[in-house]
Every structure is written in structure tokens, then in C-alpha cells.
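The values are calculated or read from the model by the stated rules, or taken from the named source; none is laboratory data. Everything numeric in this text was worked out from a predicted model, so none of it was measured. Methodologically, a virtual Cβ is constructed for each residue, glycine included, from the backbone with ideal geometry; neighbour enumeration extends over all protein chains shown.
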Amino acid sequence: MNRCYLFFVTCGFIGYLPFMPGTYASAMGCIILYLLPVDSLMIQILILICLLALSVICLNRMRLERNDPSYVVIDEMAGMFMTMVGHRATILNLVAGFILFRLFDIVKPYPIRYVERYKKGYGIVADDIVAGAFANICLYIFLFFKGLVL
């Protein structure tokens, strides 16, 4: 297995941390988004597309022993980036987005569980992107009602 691919899909080997490596990768995504804030929607979308493309390419070239091994966590980071597209990277937004994303990623309501069935890297990444989309929409709703309350 190519070490460069492995380094990328494990988010710098975070995927090998014991107990909930996906949560660590999502948290790392929050830190990256906070430290390198991008306010342009077009740039956020471009970064997400590049991350998705690289993730699927790397995962499809690897010989994985299972369909979605726990050490592969680039999909969680991509899901967190999807959650935050169109949102400012404030502490409140990141914490709310993180909680929403992890909730959808763990519970996997329809259609999240369905897209997980796709083959190879497509299925590994697709469920987290759909979970991120659900979290993104819920974050918009949360922020809308938060604005009404203030």
C-alpha cells in the first residue's frame, strides 16, 4: 500500500488513534477550518471538490481489506468541510456543525445508510458527504432560529 495514500486517507495517521478515530478527524477538520478561514463560498466549494476527488482517487487505488476500515478517516474530514460550506468558521458554528455532523454520521438516517453501499471510495466518502449536507442544512436552520431569539 502506498504510504502517501495511507498518510492522506488516515489524515496524517490520525485514523490509527484508538477509540473513535472519525471523531478525531472531524475535530481536526474543525481546527483546520478555524485556522484557515475561507469566507468565499466559491473557494469553499472548490476546496471541497478537490478534497472529495483526491479522497475517492486515493481510496480507489488502495487495496483495502474491508469496505470502510476504521483507520480511513479522510471521509470524516470531508464531511466536516461539507457541513461548514457557506458558514463562517466561528467557534459556535464549528461546535454546532461538529455535533450535527457526528450525530448524522453515527445515526445514519436514510439516505445516508443507502449511499454507504456504493463500491470502493465512492461509498466510503458518499455517506459522510450526505451526512455533512444534512448537518449543513440543520446548521442553517439552527442559526436562523438563533438569530430570531437574539
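Summary of values
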{"item": "Looking only at the range 56-91, and only at residues there that are at pLDDT below 95 and hydroxyl-bearing (Ser, Thr, Tyr), the one that is nearest to Leu6 (Cα to Cα)", "result": "Tyr71"}
{"item": "Sole exception among (1) in a loop (DSSP other than H, G, I, E, B); (2) closer than 21 Å to Leu33 by Cβ; (3) in contact with a helix residue (DSSP H, G or I) (Cβ under 7 Å, 6 or more places away or on another chain) for Arg88, by number", "result": "(3)"}
{"item": "Residue count for the range 25-50, restricted to those that are in a helix (DSSP H, G or I) and surrounded by fewer than 19 Cβ atoms within 10 Å (Cβ to Cβ)", "result": "15"}
{"item": "Among the candidates Phe98, Phe145, Phe81, Phe134, residue that is farther than 28 Å from Arg61 by Cβ and under 10 Å from the mean Cα position of the chain (by Cα)", "result": "Phe98"}
{"item": "Cys11 vs. criteria free of Cβ contacts under 8 Å to residues at least 24 places away in the same chain and touching a helix residue (DSSP H, G or I) at 6+ places or on another chain (Cβ under 9 Å)", "result": "no"}
{"item": "Sole exception among (1) closer than 26 Å to Leu6 by Cβ; (2) modelled with pLDDT of 95 or more for Leu94, by number", "result": "(1)"}
{"item": "Filter result (assigned to a loop (DSSP other than H, G, I, E, B) and buried (at least 16 other Cβ atoms within 10 Å of the Cβ)) within the range 109-144", "result": "Glu116"}
{"item": "Residue in the range 102-121 that is closer than 23 Å to Leu41 by Cβ and either among the small types (Gly, Ala, Ser) or out of contact with any Cys (no Cβ under 6 Å at 6 or more places or on another chain) (or both) present", "result": "yes"}
{"item": "Number of the condition not met by Ile57 [criteria: (1) within 13 Å of Gly121 (Cα to Cα); (2) under 12 Å from the mean Cα position of the chain (by Cα)]", "result": "(2)"}
{"item": "Test: residue in the range 97-118 that is of a type in the set (Gly, Ala, Ser) and modelled with pLDDT under 95", "result": "no"}
{"item": "Filtered residue count, the range 82-94, keeping only those that are under 15 Å from Ala27 (Cα atoms) and in contact (Cβ under 8 Å) with a residue 24 or more places away in the chain", "result": "7"}
{"item": "Residues (in a helix (DSSP H, G or I) and either over 14 Å from Met80 (Cβ atoms) or acidic (Asp, Glu) (or both)) located in the range 1-24", "result": "Arg3, Cys4, Tyr5, Leu6, Phe7, Phe8, Val9, Gly15, Tyr16"}
